[in-house]
Structures are given as structure tokens and as C-alpha cells.
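The structure under discussion appears below in the form of C-alpha cells.
Computed from the coordinates by the stated procedures, all read-outs in this text should not be read as laboratory data. Since the model is a prediction, treat every value here as computed from it, not as a measurement. Cβ placement follows ideal geometry from the backbone for every residue including glycine, while neighbour counts extend to all protein chains displayed.
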Amino acid sequence: MSLPGGRAASAPLLGHEIEPTIFELSVAGRSAYQLRTTDVPATSLSDFIPGEHLATTRVALAEVSERDLVAHFTRLSHRQFSVDLGAYPLGSCTMKYNPKFCDAVAADPGLNSVHPGVPASLSQGWLELLVDLEDTLCAITGMSAATLQPAAGAAGELTGLLLMRAYHEAHGEKRTRVLIPDSAHGTNPASVTLGGYDVTTIPSNDRGLVDLDALKAALGPDVAGIMLTNPNTLGLFEEEIVEIAAAVHEVGGLLYYDGANLNAILGVIRPGDMGFDIVHMNLHKTFATPHGGGGPGAGPVAVSSRLVEFLPGPKATRRAGGGYSWSSPEHSIGRVHGWHGNAMVLARALAYIDVHGAEGLQRVAQHAVLNANWLRERLRDTLPAAYDRVCMHECVLTATWLKNEYGVKGLDVAKGLLEEGFHSPTVYFPLIVDEALMFEPTETESVQTLESLASSIERIALRAKSDPDGLHRAPQSTPVSRVDEARAARHLIATEDAAERSHGSPTH
Amino acid sequence: MLSFLGMDSLDQLFAHIPASVRLAQGLDLAAGMSEPDVAAVFAQYSSANTGQLSRLTCYAGAGAYDHEVPAVVKMLGSRSEFVTAYTPYQPEVAQGILQAIFEFQTMISRLSGLPVANASLYDGATALVEALNMAAGATSRQKMVISAGVHPHWRAVVKTFAHGTGHDIIEVPLKDGVTDWSSVDTSGAAALVVAYPNYLGVLEEVSAVKSLSVESGGLFVVCGDPLAAGVLKTAGDWGADVFVGEGQPLGTALSFGGPYLGLFACTHEQIRRLPGRIVGETLDSNNRRAFVTTLRAREQDIRREKATSNVCTNQTLMAVTAAIQLGWLGTRGFAEVATRSARAAHYLFDALVQIPGVTPVSTRPFFREFALRLPRNASGVLDDLVGEGILGGLSVEALVGGVDPSIEGDAADVILIAVTEKRTRAELDRYVDVLRKVLS
């Protein structure tokens, strides 16, 4: 290996070598940075900062040229799957195509060079944008007002639970439990715990839906509310939602809508009309803001009229006499973000909504549901659905028979798909389905792409019989082959400096 | 596609949903617009932001700074392979982001002086909340003793989330710009939290806080501006158990406050309580080096209601960008940006305090940000400066929202001024001249 330098053998195009770390590419004395010529006198820091505070050594970072920096991160990018590269049917994550226009909007210095602490008089455009987005999200969800501060879905969940708490406390009630179906995302119970409530798990019935009798049995005056995803994580619509809402409201509880699956119902059904009181949205899913390799997202929370006074503040508000200002709701729970939320994500989402409009958003849901059902039906004889009926935007299939017949598990199917050039579905979730493979094709994949995906899955199923060991070893054609996750946990090497890093030489 | 499903309309896909909850008409939203038409709408939002930096010279800070972010960092950080991927659940096709995060973790570990850093959290404020949750888990205590020198918005966020966790939040006031620890009882604390430098830019006496935290048996949490490590001792040098920081200065645009980058580093002892994701090095089945998210047993999707953090999506793209920015700066560049920012801040401070009626809030040493008391209302002065093309800083009253234990006396007259390596001597001299004129 030529260290450092211009050898690109780590790029899949040219080879299967590993890419050195930026520290391994470092050459003492090399640099890329250029700073302004300022003519500020080059005083000695020790003239105004006492020696006890001053660092005795410099923080050691890599020393690379701009050319080497570009080569390194470009090669890393070539070792990364992305939506722009190909279909990414990762269930529950809504990996739809991210329109480039929305990124262009966010690149405007008139938006991204504004300091968050400037007075409202200097950021009227931003405040107007935030108010317009809030109005739009309320129209989509059927709610009265929203906070845009939460930085991600899980942050929205916790915000929603604190709103629930504030509401009950304002009514002089100390409620202790929140109900969650057993099919829920892991963030739900974690958020409930951090919100200071105990979790009561509600079992699913044999149709994959909330067991209404079990729900009613669990209800009582100590129940603060219920968190539901509808459609649920099986991709199935909770058909008894009206009865569920009535029962929860009957005991004074609130309904929380986990908007992870909002893409399925845009313009078709609104959470507010189903009886929900609190709704979080994942703008990076439903409104196509890029997922960034694991964030940034945005998790606004919209509420019904009786919860508006508790929303986090400050909020951008339309002034009666024209213009916009910051204000806090009367009984606000306070801030949930250091500034105003992930503003650049919020701007992208509004641009997406403006382009689509009412009919366009409805088409999004219709086509997302159509694609998921087409894929489910197409794979009927290869990977049967865990619940065999019309699904919403995603379908949960099971590889149980492949495991029983050939010893090929859901994970092996997922890894085999990587070799076929597709991203894997979500594996082993929801927990209540054996060998679960959760596919969410989204509305932006064509029927030709779905056919190609289905054909790949059929090839994998045939290979499960002929070459199960090959599937156990899959993938081999990817930048690295199957990764030893247990080893990573057993011998933690979380930085270049870790003591355990004895095999540091990148010689393979 | 519909006929394959035995259907003849899209509505049939939704027929199993009760009619009573389905929208009879469409959404009450405008019709869709073409991209150029939406661009015109956004151009109006943009032009109404008179505070954009093409029109003003920036001295605003408080955790969000106007640093140089070069074209190479913007371009690499906006590569669509990074931008349009998601959490690296399938490591075989996510080595790019995993390795970039590994490099990021190494950089944050080194600048915090602590052995382990995670893959990022939402922002500095929510990272501090996670640090307190970690402290509660480590000590089984609820008492959080927090310096009022911690950013006022961070303290506000901490108080909001304490409604759920039940943490008892005790704020320690500042005296002469540094924390007056003698005014509180720190015994039985789960965590002692100090900002270094604090939000007024002042350097706290960290050794004394470390001693108090050892006596109390709680975790010692140091928060701060990551750039400070280019000049000052690191959190680890001062004996911190946890470092939390706002990573915006590491390559992220001001962005009206988000997305930013929550930094989190800690000692080995706390690693099983580390919130969020962490990337580790391992081998693939052919014995090649590979990277993967690890210690997954800590995370919410596995621990569910027993989890101590609910973080799932974080700020990976900002972390990747920070790794690129720190790669661009390198060892010398990082120190140079910190040094130049500090020099320019002191140059400006020395000149501004010569203006009649302008006095420093603290006589203590500071890094690259400082607070001044003006002879009249700070907001009015800032408005006058804007008229001269200068975003002269931030009103501390606006930041703290009224009375606050960080400020002795009236906060309304106090202005917070931050200086970066971008400010030229001519710009600094002009600030002094304009402020003198505005105040005369």
C-alpha cells in the first residue's frame, strides 16, 4: 500500500483494498488550510491568558494536503450505499428520493448565513417560513398548532410526552402509565421512561392490530395516554382507531401519534380526525429531507387545541399588525432545542410540500401504498407476508420457511440483497414477527425497479436451496464482506488511539 | 399495477380504513407549484432576512460562530453518498460513513482529552441533557449542580427535560463572570457541570470544581466550545468525566441554529451508559479491517423501556463534515484558528473598554468572547450598529430572557461579543469607531 498518496485501490471501481484512515495518510508538516490575511497584531496568548489555562501540546489532528483530503473522502463516499445510488427499501425509514431542488433552496446564504440569535427584525424571512411551515403541518395532520424545535423523531416523542405530562398536571392529575403496543418502535418505550412514565405493553391480536379488549382492560384513571403508530409497524392500519380513541379519551387519557409512518396517509387521513391529540412528524422521512447518513432529521410536534398553551417556546408568531415575532405559549414546557430546531431541514421540508401541494401529497401516499402492496403480492410465493392482507406503505414479510428448510435466515437474505445491488430491508423488526423482513419501497421507485428487486429476492430464495453456505457468507462483492460485530463489542476500538488497536497496520 | 392487485382504483387500497376518518375532500393546502415558482417564494423569505451575513460583519456568538468553511469542506460534505444514506445498519455497504465517524470520534476524543466519543447528538443543549442522564445512571442520584455560566438556552433545555426525569436542577450563580461555588452545597450531587470557557467567554477555575466533584462523588461534566482546545487545556486535562460541546464551529454554517452538532465524550468507566451510536473497528470475514456500530446493547431499540437515552437519528452529516473540516485544518490550522480568534477578541476588547461608559462584565481571563456593560440598553445599541453594517453581538437579556444568575445587575445593558479568525484589523478598528460614535 502506498501511504499516503493517490492510490485508489479502496474504491470498488478499482479494487478491494481498505481505505487508510486520515491519520494514516498524515505527513508531518503538510496542510490544506488557508485563512484570511487580517493584519491583527500577532500578540502572544500568554500576555492575556494565564499559563495554567494554556495547552502544553497541540491537539494532534491529521496533516494532509487538500488533494489528499479530497481523495480520501471521495473514496470513502464510494464505499457507501445511498438513495442516490439505488433502491433503499429499508422499512420504517422512508428512504425516498430526495429532490435536489430542496437542497438548492437550503444552500441560499439568505437562509443559511443567518445567526440564530439575531433579533426578529433581522430574520423576518425565517420567522415567516417557520410560521408557514407550522400552518402547513397543521393542515396535513389536522391539528391546531405545532413546535418545530425537536431535532428528530425521538426528540419529538419526548417533547410530546412532556406535553402530555404538562396537560395532566395542569388539570391537577398525577397519572403514571402510558400504553404502547408490542409492535412499537423502540424509541416509544424509551421516550416514555424518559418522560417519567411507566410503560404498559398492549399485545397485538391475530390480525396484527391492537387487541381492543386488552387495551380496554389496561385502561384506568392512572393512564396518561397511549402512543400509537398508524399504520403500525407491521404496515397495517389500526382499523379500530375510532374505538381506541374513544376508550382512551373516556378515561381522560391522550392519544399520541408516532408519525414515523405518516407517508402512508398523506392527504388521505389526518391524525387529528382519528382522535389524536399529539402528533410528531419525521420530516426526513415523510417530506424527503435527506437522511444524512443518520441525521440531521427534524421532529416537529403538532397538537390539538387543548394542548397549544403548553407547546415549547419561543415560537415564531404572526403579529396582528403585520410581521413576525417570537413568543412563548402561556404555560410552555420550555425549550427542547438550543435554538429553533433544525432550521435548514425545516426549510427543505417546506419546499417539498410547496412543490407537491394538496394533490401531490395525496399522490405520494397513494403510490407509496400501491408500491408496497404490489411488492407484497409479487413476493407472495417467495417471502410470505406476516399478515396476508392489504398493507399500507410497507409490508412485513417473513423468511421463516427459508430458515426451517435450508437454514437461511432473514439476515442472510438481507445480506444477499446487498450483493444484488439493493439496500436491505429492515431485519428482525417488528419483534413480534419471526424472521421479519420489512420492506418500504416508497413512492419514488418505479415498477421496473420493484420487479428487479423481486427477481433478486427470488434468486436468493433459489440460492438458499442450492448454496445456503454462500448466503451465510454473503456479501462478498461489497467493499468489505460480512462484518464481525461481536468482535467489535468484545474488543472496543472506538478511536485511532484505543489500546486494543494492535492490528492497526492497513496491509490487507 | 392496480390490476395485478385485482383492483381498479387507488381508493380501493384504502377501503379498509373507516370512512368516518377519511378525508372527504383533499387537504386544505395550496396546489403544487413548479420548482422555479417555489424558488421565487423562497427568494422572498431569503431577502427578508436582513441579518444575513452578506450584509453584516458578524460578532454574534453564544455557541454559533462565523468561522471559515472552505469550498472543499462544503463540497465534500455535500456528496450525495453521505447526504442521502441513512444510519449504517448494513456495515458492508456503509463503510464510508462508518469510517468517517470513526475518524470523527478520534478527533473529538483528542480535542476533549477523553478516551471515547460518540457519533454525535442533536446539539450542545441536548447533549448536556444526555450527560445528566448518564450521571443519574452512574450515581443513582438526582441532584444536578449546574453553573450559570452554562449557556442559558442549554440550562433551559435541561430544566424542560427534568420534568420527565425528575432531576433536581440547582443553578450556581456567577460572580465577576465565574461560578461562585461557595454559594451552593454540592454534596450528594450526581453531576457538577461547568462550562469552559463559559457562555460569557470567561475561563472558569476548573481545578476547584474538579475537587468539589471528587468530594461529592458525582460526575464532573465540562461543556464548552470545541475550538477552545486549540489554545486551552482540554476537558480531560482538567479531570472531566464527561465533555459535551456544540460542534457548530467545526464546519457547520450558522444555519439559523440548526442542524448543529452535539459532541459527547467520556471516560472508559462510563462507556456502557454512552448515549447514541458509537462506531468501532473490527474485521470482516476475510480478515480485512472494517467498521461497525457497536455496543448496540445500550441503545433504545434493544433496551426499550430500560433505556437511558431515546436517541436514534442523530447528526451524522454534521459529524462527517466536522471530520472533513478538522482534516482540512489539521494540527496547525486548528491551533491557528483558535489563536487568531483569541488574539482578535483581545485586540477588540482592549479597544472597546477604552470607550467612555463601556465596562467589562468580568475582570477574568477569557478566550474569544466577552461581555461588556454599555451605558445604555444593549438592544438599542445593537440596532444602531446594524445600521452601520455591523452585527455587533447579542443582547444578553435576550439570551437569558430577563433576570438570570449569570449576570449581576441588569442584563439589559450587557452585550456579548464573539470574534473569529475571519475578522480583519480594519473591521475591528471600524467596530470601535462606530461604537464610540453610537454611544456618544
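Computed values, structure above
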quantity	calculated
Cut-off 14 Å between beta-carbons: net charge of the residues surrounding B:Met1, Lys and Arg +1, Asp and Glu -1	-2
Within 10 Å of each Cβ in A:470-480, the average number of Cβ atoms from other chains	4
Antiparallel DSSP beta bridges within the protein assembly as shown, percent to nearest 5	60 percent
Proximal lysines to B:Lys74, defined as alpha-carbon separation beneath 28 angstrom and excluding residues fewer than eight positions away on the same chain	A:Lys96, A:Lys100, A:Lys285, B:Lys422
All Cα pairs of chain A, percent lying beyond 32 Å	52 percent
Point-charge dipole on Cβ atoms (K/R +1, D/E -1) for the range B:71-323, about Cα centre, debye to 20	520 debye
Size of charge dipole - chain B - debye, nearest 20, with Cβ of Lys, Arg +1 and Asp, Glu -1, no other charges	780 debye
Which of A:Gly410, A:Thr495, A:Val118, positive extreme of dipole for chain A (C-beta unit charges)	A:Thr495
Whole-Hz couplings from phi, Karplus 6.51/-1.76/1.60, listed for the range B:325-341; x for Gly and Pro	4, 5, x, 5, 6, x, 4, 6, x, 4, 5, 5, 4, 5, 5, 5, 4
Highest-MSF residue in chain B out of B:Ala412, B:Ala338, B:Ala40 [GNM, Cα springs under 10 Å]	B:Ala40
Between the range B:353-421 and the range A:142-180, the Cα center-to-center distance that results, in Å	36 Å
Furthest towards positive pole of dipole, A:Ala60, A:Leu90, B:Gln44, structure part the protein assembly as shown, Cβ charges	A:Ala60
Burial ordering of B:Val172, B:Val129, fewest other beta-carbon atoms within 10 Å first	B:Val172, B:Val129
Sum of side-chain charges, A:Phe287 neighbourhood, beta-carbon under 12 Å (Lys, Arg +1; Asp, Glu -1)	+2
Highest to lowest packing among A:56-67, B:193-204, scored as the average C-beta count within 10 Å	B:193-204, A:56-67
For residues of A:408-415, the mean tally of beta carbons on other chains within 10 Å	1
Span from the the range B:147-198 Cα centroid across to the the range B:264-303 one, whole angstrom	30 Å
Point-charge dipole on Cβ atoms (K/R +1, D/E -1) for the range B:380-440, about Cα centre, debye to 20	360 debye
Likely footprinting exposure, B:Phe42, B:Phe370, fewest C-beta neighbours within 10 Å first	B:Phe42, B:Phe370
Eligible lysines near A:Lys315 by straight Cα distance, threshold 22 Å, same-chain separation 8 or greater	B:Lys159
Long-range tail of P(r) for the range A:359-489 (Cα pairs > 20 Å, %)	45 percent
Per-residue HN-Hα couplings for the range A:207-214 [Karplus 6.51, -1.76, 1.60; θ = phi - 60°; Hz; x = Gly/Pro]	9, x, 10, 4, 6, 4, 5, 5
Charge tally in the Cβ shell below 13 Å around B:Arg22, where Lys, Arg are +1 and Asp, Glu are -1, B:Arg22 excluded	-2
Given charges at Cβ of Lys, Arg, Asp, Glu: the range A:199-333 dipole, positive-most of A:His331, A:Leu215, A:Pro231	A:His331
Rounded to 5, percent antiparallel among DSSP beta bridges of chain B	55 percent
Relative contact order (percent, whole number), the range A:304-396, Cα cutoff 8 Å, 6+ residue spacing	19 percent
Gaussian network model of chain B, springs between alpha carbon atoms under 10 Å - residue of B:Val386, B:Val41, B:Val244 with greatest fluctuation	B:Val41
Relative exposure of A:Thr426, B:Thr126, judged by other C-beta atoms within 10 Å (fewest first)	A:Thr426, B:Thr126
